[in-house]
Amino acid sequence: MESDPSMSEYVRNGLAKLVRGDALVREDVQKAWDAASSDGQVDLIFSGIGGDPSFSITQGFIVTPADITTRSMSILLSVVQASPVRPRLVAITSNGLDHRSHSLLPLALRIFYGWFLRQPHEDKIGLESNIKQATSSEGWLDPKNAVIVRPALLTSGKCVADTKPNAYRVGEELGSAWTVSRADVGHFVVEKVLEDWNKWAGKAWVIAY
């Protein structure tokens, strides 16, 4: 990340801290939390963790370990719960995880998601379940402290929203949700969610072109 032109300046200026560790090791997550807390109370957590998938003819795309997002979120939430602060949380998952949103997918994506992305999506369902448990009536985190973002099929394209108003659609449900770039997901989080938190808080939002 230090060699990434979009990040290197922030690292050099001390505006971004890099903490080496494993998101599946609680001690490492605690170390990252402590580093973030050293400059003051943590106000916001952004979680977009994922794995580098491989392809199997019989299983589609698989990520090892298969529960990387579920377990990492569970560990992260346990670290936060043990602290005296309750920051806001933005978590990136995926569209089409439940029956209703899956039924709204274009036919080709229903097939693709249902077979080729079955394992990664099961993992993201686990991630969302952890957040829902933490923000439930029996949980410890205010539901208004969490926003889940469910992108359509992610691409590495440019940020269309930088030059085009209303470049993407956002809703609790969306039809014909084919793709969206990672850059535009970032735009939505920074320019929309963080700028008007109360509008988006406590819900899961689908984003697509």
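The values are calculated or read from the model by the stated rules, or taken from the named source; none is laboratory data. Just so it is clear, the structure is predicted and the values come from calculations on it, not from any experiment. All Cβ positions, even for glycine, are placed from backbone atoms using ideal geometry, and neighbour counts span all protein chains on display.
Checking the structure you have, find out if any residue of the stretch 127-141 is surrounded by fewer than 16 Cβ atoms within 10 Å (Cβ to Cβ), touching a residue at least 24 places away in the same chain (Cβ under 8 Å) and closer than 15 Å to Ala91 by Cα.
yes
Can you pull out the residues in the stretch 45-92 that are of a type in the set (S, T, N, Q), in contact with a helix residue (DSSP H, G or I) (Cβ under 7 Å, 6 or more places away or on another chain) and buried (at least 16 other Cβ atoms within 10 Å of the Cβ)?
Ser47, Thr69, Thr70, Ser74
Any residue that is in a loop (DSSP other than H, G, I, E, B) and under 22 Å from Gly96 (Cα atoms) - is there at least one of those in the stretch 180-194?
Checked the stretch 180-194: no residue is in a loop (DSSP other than H, G, I, E, B) and under 22 Å from Gly96 (Cα atoms).
Has the stretch 103-123 got at least one residue that is polar (S, T, N, Q), closer than 18 Å to Ile207 by Cα and either modelled with pLDDT of 95 or more or out of contact with any Gly (no Cβ under 6 Å at 6 or more places or on another chain) (or both)?
Looking through the stretch 103-123, at least one residue is polar (S, T, N, Q), closer than 18 Å to Ile207 by Cα and either modelled with pLDDT of 95 or more or out of contact with any Gly (no Cβ under 6 Å at 6 or more places or on another chain) (or both).
Give Trp115, Trp200 a once-over and let me know the one that is out of contact with any Pro (no Cβ under 7 Å at 6 or more places or on another chain), under 24 Å from Leu76 (Cα atoms), among the aromatic types (Phe, Trp, Tyr) and free of Cβ contacts under 8 Å to residues at least 60 places away in the same chain.
The unique qualifying residue is Trp200.
Can you pull out every residue in the stretch 178-209 that is crowded, with 16+ Cβ neighbours inside 10 Å, within 22 Å of Ser129 (Cβ to Cβ) and in contact with a Lys or Arg (Cβ under 9 Å, 6 or more places away or on another chain)?
Passing the criteria: Val193, Trp200, Ala204, Trp205, Val206, Ile207.
Taking only the stretch 1-24 into account, find how many residues are surrounded by 10 or more Cβ atoms within 10 Å (Cβ to Cβ), of a type in the set (A, V, I, L, M) and either in a helix (DSSP H, G or I) or free of Cβ contacts under 8 Å to residues at least 24 places away in the same chain (or both).
6
How do the strands (runs of 3 or more DSSP E) wholly within the stretch 40-132 filter down when requiring 2 or more residues that are β-branched (Val, Ile, Thr): which remain?
88-92
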